[in-house]
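Have a look at the structure below, then the notes.
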Amino acid sequence: MENPEPRNNLAETLAKELKKPFEIAGDELSHVRRVALPPGWTLKEIDDEKLLHQPRRKVSSVRLDNANSFIAYVGLHGTLESTIWVKADYTAGKVEFLAIVNDHGGHEDSSGWRDHRAAYAPKFSEEWNRWKGADKKPMTQAEFATFIEDNLSDIAGGDGLPAGADMLRMAIDFEAKQDMRFKSALRLQSGGVDLAFVQQEDNGTLEKMKLFDRFAIGIPVFWGDAAYRVEARLRYRVREGKLSFWFELIRADKVLEAAANAIVDKITDAVQMPIFLGQP
């Protein structure tokens, strides 16, 4: 086999002496060309494709705002070699879809450039952002009462859990007793806790209220999608006679996974393309 090194050195010498570029033997299979440049010369690439009547092939990178637009775009440009990829981290609350319109096909002669892409990241609903944003964050009695009142329409009763009216009464009780001193708590067999309060200067005046230990909300995970039921635990802490409250959403990652899978099913049914979980 001929050694290409002497040829390369000869081409470089000729380029230097002739003061013009000189092509070195390239690789026809990979369409790679090697060019020797005289000292002080630089190699510049000029692409005149924009001067053509139309591009030689489709190259694009778009980002869609909803599933229907994603489906419409992929349906318009998709081919038998197109693929869809789903990258999801449900614990971190991240889901993204990526369509590679000109992906590699299943045969050796059906390779693609993979540079025509469409991305779609579902937007979380305002309700999901509010509840997830307050998840596990302690609040004063007044702050917790205000939060419940502001989001009362999201409360979903049933299965032995409090309805919206029950949660509203609890919030009103919180507001009424925010200036009182917490005295004791008694856990009930039926669930929940009885909280006892006294006036700051009068230990004999005792008032009680019931604190629910669990409740449920019904909210859409993604903007424009159906509502999902999410249960939550209600927690409290006593410090210097004052109460702080917070809630903990139970397995919110599983609810997010179910909502994402519903979008996967919707896209699969609409575009009939292979869908892969992972990073392309």
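The values are calculated or read from the model by the stated rules, or taken from the named source; none is laboratory data. The shown structure was predicted, so the numbers you read here are calculated from the model rather than taken from an experiment. So basically every Cβ, Gly included, is an ideal-geometry build from the backbone, and we count neighbours across all protein chains shown.
Take the conditions (1) closer than 15 Å to V271 by Cα; (2) modelled with pLDDT under 95; (3) hydroxyl-bearing (S, T, Y); T91 misses just one of them, which is (1). Taken over the range 220-256, the residue count meeting the criterion of being farther than 18 Å from N129 by Cβ and of a type in the set (D, E) is 2. Exactly one residue out of D253, D225, D269 is assigned to a loop (DSSP other than H, G, I, E, B) and acidic (D, E), and it is D225. Considering the range 112-133 alone, what residues qualify as being closer than 14 Å to S61 by Cβ and either among the aromatic types (F, W, Y) or loosely packed, with under 13 Cβ neighbours inside 10 Å (or both)? Within the range 112-133, W113, Y120 qualify. Please tell me if D166 is more than 30 Å from N66 (Cβ to Cβ) and part of a loop (DSSP other than H, G, I, E, B). Criteria not met by D166.
Surrounded by 14 or more Cβ atoms within 10 Å (Cβ to Cβ) and either of a type in the set (D, E) or within 30 Å of E23 (Cβ to Cβ) (or both): which single residue out of D103, D47, D109, D65 fits that description? Selected residue: D103, the only one of D103, D47, D109, D65 that is surrounded by 14 or more Cβ atoms within 10 Å (Cβ to Cβ) and either of a type in the set (D, E) or within 30 Å of E23 (Cβ to Cβ) (or both).
In the condition set (1) assigned to a strand (DSSP E or B); (2) buried (at least 17 other Cβ atoms within 10 Å of the Cβ), F276 is compliant with all but (2).
Got a number for residues in the range 102-143 being among the basic types (K, R) and without any contact (Cβ under 8 Å) to a residue 60 or more places away in the chain?
Going residue by residue through the range 102-143, those that are among the basic types (K, R) are 114, 117, 123, 130, 132, 136-137.
Still in the list and also without any contact (Cβ under 8 Å) to a residue 60 or more places away in the chain: 117, 130.
Result for the range 102-143: 2.
Would you mind stating whether R235 is free of Cβ contacts under 8 Å to residues at least 12 places away in the same chain and either under 14 Å from Y90 (Cβ atoms) or surrounded by 13 or more Cβ atoms within 10 Å (Cβ to Cβ) (or both)? Here the answer is no, as R235 does not meet what is asked.
Against the definition (more than 23 Å from V221 (Cβ to Cβ) and among the charged types (D, E, K, R)), how does R130 come out, yes or no?
Details: more than 23 Å from V221 (Cβ to Cβ): no; among the charged types (D, E, K, R): yes.
Here the answer is no, as R130 does not meet what is asked.
Can you go through F222, F245 and tell me which one is touching a Phe, Trp or Tyr at 6+ places or on another chain (Cβ under 9 Å) and either at pLDDT 95 or above or not assigned by TED's automatic domain parsing to the domain that holds T146 (or both)? Walk me through how you get there before you give the answer.
Working: F245 fails: either at pLDDT 95 or above or not assigned by TED's automatic domain parsing to the domain that holds T146 (or both).
Being touching a Phe, Trp or Tyr at 6+ places or on another chain (Cβ under 9 Å) and either at pLDDT 95 or above or not assigned by TED's automatic domain parsing to the domain that holds T146 (or both) holds for just one of F222, F245, which is F222.
Within the range 238-253, the residues that satisfy the criterion of being exposed (fewer than 13 other Cβ atoms within 10 Å of the Cβ) and either free of Cβ contacts under 8 Å to residues at least 60 places away in the same chain or more than 30 Å from F174 (Cβ to Cβ) (or both) are R239, E240, R251.
The rows are residues; the columns are (1) within 20 Å of I172 (Cα to Cα); (2) polar (S, T, N, Q).
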| position | (1), (2) |
| --- | --- |
| V86 | no, no |
| T91 | no, yes |
| V101 | no, no |
| H107 | no, no |
| G112 | no, no |
| E126 | no, no |
| P138 | yes, no |
| L152 | yes, no |
| I155 | yes, no |
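Among residues that are of a type in the set (D, E), outside any strand (DSSP E or B) and modelled with pLDDT of 90 or more, D173 is not included.
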